[in-house]
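Below is one structure, written out as structure tokens, with a few remarks after it.
Derivation of every value follows stated rules applied to the coordinates shown; laboratory data play no part. Only a predicted model underlies this, so the values are computations on that prediction, with no experimental measurement involved. Positions of Cβ are backbone-derived with ideal geometry, glycine not excepted, and every protein chain shown enters the neighbour counts.
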Amino acid sequence: MEPSEIPGHNNKPPLHNLEVVKIQAWWRGTLVRQTLLHAALSVTVIQHWWRQVLATRLERRRRKALETFAQKEWAAVRLQSWVRMWRIRLRYCRLLHAVRIIQAHWRCHNCTSRGFINGHYRVMANQLHLELEMVLGSEPCFVSECIPLPIKQ
């Protein structure tokens, strides 16, 4: 049964019910404000978490880019050093071959009537040390020479 159907009930609320309605309205307002505050705090927590996730992703992306850059630079430096090493080794091998040809020529050369040449060499990192002793006639001649090798540092 609705209140309007109850006998002796009029549609106008009694005077003391107005205070009850005010208390109920205050209570509903308090509940609504509390719900809105809870929702705002939840939104703040979610936004903070999402910003942290985005910052973590950005940091990962930056780190990956830095690692890729460092790896490419390291590979380029290593490749350049290999090429420089190969060129230096090639030059060293050519010099060594030339020295062996000269040594073989002088070892087999018959200099008994004119004298003899004796000597040795050392190849250092960037120099060729050459020491020769030549006897041509009565007095010996000593030659000691340091020849710089044109190697870029």
**Asked** Of 45, 23, 65, which is farthest along the charge dipole of the stretch 7-109 in the positive direction, counting Lys and Arg as +1 and Asp and Glu as -1 at C-beta?
**Response** 65
**Request:** Take the alpha carbon atoms of the stretch 27-136, find their radius of gyration, then divide it by 2.2 N^0.38 Å using N residues; give the quotient.
**Result:** 2.97
